Structure formats: C-alpha cells, structure tokens
C-alpha cells in the first residue's frame, strides 16, 4: 500500500499501472489482536485499495496463480472463497513488482490445519472472536461440570513471538476486564497458555524485553510453557513434548502463531527462473536494488517474500584474502582491506555496514590469521603496492 500511495497521479500518463491482489483492502496487522478482542473495530485498521488507485491505474481483485518470466506473463484468477464462479485471465507485463508476502507455517505438525485457528487476516480475527464468545456461552450453561468448563475456557496460543505474545495479552485483558463481568459464574475458571519451543518468549528481541514480558505474564497468571514442542494437535487437546517427556494440554481454542513461510507463488517464481539464480528456500533473492536474481531486471520483489542477497562469510574471507594479498602481500592493514573490498560492494551493502564495526575488516582479519598472519601486524607497504587512501571509514 505504501508503494501505491507513493505513485504520483501523473505517472498514469506515462505508464500503464495494474495492481492485482486477492483482497481489495490493506490491513494494518499490528492492530489485529485488538480487533479480535473488540478493543478496535475492523474498519479502523483497513484501507480500501481502490481509493488509492483513482487516477493512477487499474485494480483487479484476483490471485496470481503463476508467473512466466520468459513470456513476461501472469495467470490470475478470481478468489475461490468469494462464493462465485472462478474466472481466470492473463496479464502481460514489462516490469513486475511482487509483494505477495508470506503464509502461515505449520512445520508439518499433524492436526494444525484442522484443529487450530490462524491469526493473519481480518477474517481470522473475527472467527477467533466468535469462537471465544461461543466458548463462554457454552460454559455458562447450567449443569456443566467444572472440569468441562475449565477445558472450554482454556485458551492456548502456540508461538511466543510478537504475534503470539500480543494475542495472549489481549485475550487475558479481555477475559479479566470484560468476560468475567459478563459471566460472573465463570470467574477464575479461564486460563491463557503460551507454548514456546525456545527457553524464552520474544526470542528475536533483546533479552531484557523478553524477561520483562515473561515477568508480566507470570504476574497476570498467563501460563508459559517454555522449551516445549508441539508434537500434534487433536480436536480438543495439544500433544506436548518437553525433555522427551510427552504430555497433553486440553483447550477450548488453540491459536497457531508459530511463524511464516514462503508464499507458493514465490516458490513457483524461483523454479521458473534460471537454475542457480535462486538459492534461498526462505525468500526470493534480490540484489541491492531489489531486482530479482535471474530476471534480467524485469522483476522486483519487496516485503516478506524477498531478501537482499548477502555474500557468505567464508566466501567473503576468501575474496578478501586474494584481494589484499594482491595489494599488500601476506599481511595487510585494515584500511587496505576496505579499499580492496569496497569496489565490489553495492551502495546498500557498503553503507549498511559502516555502522556495524567494520564487518569486512573483521572478516579479513580472521581470514589472515587463519592463514598465518600475526594479529595486529601492519607493515609499511612497498612503494608499488601502496593502496589509495581508505574511503568512507577511518582506519
């Protein structure tokens, strides 16, 4: 959506712009948990695509099924879940920008597709909200045993990442602040549990943030099951394994928030491109200008489905050693290393590393030490091998 907004209206006079998307709105996903619990209405976090396309180009509500990079052709179809007959068509392109995002990753866990609720779209949030409401209504009926009530009001979240943590926190607040007032007979019977494979939640964040969140969860009586693997999901319980000891956790609803994987369309594009151009099975490889590798500059990729290809550390070390050896013999100064490497890097790669403690210099130093050069040695270069002054960074 940011890209569409950035397109000036006068661009339509020079280019034919076509946008294809299976949903006709943009969703601000960070606020999705608030919609699930009723803190916000769904219309507050969506924005129609067509409003942004006025005077700029054409929009089609369709799913792109395949990309032919040789013929520069797309095959698109009207979404099956719209309840209407499917209609497919082809679109030719000169320049293609893919921003298809990612899909839920089940990691092949049995029973997830059939017994869990995902949390990625506005429809997912609505379904989860309706499910929780039904669970409380069912548990509030007379003559329901307490054990059954506790099972119905057991809300399990699989995944301790940002989404799972946010969903668990919102659910707990909704139960304590709203549901227990509406259902006083069920007070104290509900339980929110978070299952995480790692030994701490929010593993991609600073450890202090993780510890603070865990402390807050324990204080709010949210059950944290850390270092625990989900072996399978049945209709009303989760199969768990911790330290090779199996166990079960009953639930009324299980929300799957374990992560994402590559979109099938991105996988199809990788296969269609020349062999060897796409070596990353997690994302589409692009250069520093977001051009898809192997597409001859006709396809760009942005968002979750793409990643800028970075040279591997060992490969960089070997290249550095060869370059600095050609300049300074068997031992070289860090400034020589930068001068030898900088011409081979694109602008994004070089600028992004100026604030990271000179990654290239450290890699070169490791390579040189591995080949016998003493640490910290920096002999005066010979006259014919004197490199030019270092650019961009001080030695």
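Give the residues of segment 62-74 that are over 24 Å from residue 122 (Cα atoms) and surrounded by 14 or more Cβ atoms within 10 Å (Cβ to Cβ), sorted by residue number.
66, 67, 68, 69, 72, 73, 74
Return yes or no: is residue 340 part of a loop (DSSP other than H, G, I, E, B), buried (at least 22 other Cβ atoms within 10 Å of the Cβ) and either at pLDDT below 70 or out of contact with any strand residue (DSSP E or B) (no Cβ under 9 Å at 6 or more places or on another chain) (or both)?
Judged against the criteria, residue 340 is not a match.
Take the residues of segment 39-61 that are in contact with a strand residue (DSSP E or B) (Cβ under 7 Å, 6 or more places away or on another chain) and part of a loop (DSSP other than H, G, I, E, B): which is surrounded by the fewest Cβ atoms within 10 Å (Cβ to Cβ)?
57
Does residue 172 satisfy the criteria of being without any contact (Cβ under 8 Å) to a residue 40 or more places away in the chain and surrounded by 14 or more Cβ atoms within 10 Å (Cβ to Cβ)?
Against the criterion (without any contact (Cβ under 8 Å) to a residue 40 or more places away in the chain and surrounded by 14 or more Cβ atoms within 10 Å (Cβ to Cβ)), residue 172 does not qualify.
May I ask you to verify whether residue 202 is at negative phi and either crowded, with 16+ Cβ neighbours inside 10 Å or in a helix (DSSP H, G or I) (or both)?
Values: at negative phi: no; either crowded, with 16+ Cβ neighbours inside 10 Å or in a helix (DSSP H, G or I) (or both): yes.
Answer is no for this residue.
Could you check, for segment 208-222, whether at least one of its residues is assigned to a strand (DSSP E or B), touching a helix residue (DSSP H, G or I) at 6+ places or on another chain (Cβ under 6 Å) and closer than 28 Å to residue 111 by Cα?
no
Tally up the residues in segment 246-280 that are in contact with a helix residue (DSSP H, G or I) (Cβ under 8 Å, 6 or more places away or on another chain) and either exposed (fewer than 14 other Cβ atoms within 10 Å of the Cβ) or assigned to a strand (DSSP E or B) (or both), please.
Residues that pass the stated criteria total 7.
Residue-by-condition table, conditions (1) more than 29 Å from residue 293 (Cα to Cα); (2) assigned by TED's automatic domain parsing to the domain that holds residue 179; (3) surrounded by fewer than 14 Cβ atoms within 10 Å (Cβ to Cβ); (4) free of Cβ contacts under 8 Å to residues at least 40 places away in the same chain:
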| residue | (1), (2), (3), (4) |
| --- | --- |
| 26 | no, no, no, yes |
| 88 | no, no, yes, yes |
| 125 | yes, yes, no, no |
| 128 | yes, yes, no, no |
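Within segment 94-106, how many residues turn out to be outside any strand (DSSP E or B) and either under 15 Å from residue 255 (Cα atoms) or without any contact (Cβ under 8 Å) to a residue 40 or more places away in the chain (or both)?
Within segment 94-106, residues that are outside any strand (DSSP E or B) and either under 15 Å from residue 255 (Cα atoms) or without any contact (Cβ under 8 Å) to a residue 40 or more places away in the chain (or both) number 2.
Listed residues 76, 64; which is without any contact (Cβ under 8 Å) to a residue 60 or more places away in the chain, closer than 30 Å to residue 18 by Cα and not in a loop (DSSP other than H, G, I, E, B)?
76
Here are the criteria: (1) assigned by TED's automatic domain parsing to the domain that holds residue 297; (2) at pLDDT 95 or above. Tell me which single one residue 153 does not satisfy.
Evaluating residue 153 over (1) assigned by TED's automatic domain parsing to the domain that holds residue 297; (2) at pLDDT 95 or above leaves (1) as the failure.
The values are calculated or read from the model by the stated rules, or taken from the named source; none is laboratory data. Worth saying up front: this structure is predicted, and the values here are computed from it rather than measured. Note that each Cβ is placed from the backbone with ideal geometry, even for glycine, and that neighbours are counted across all protein chains shown.
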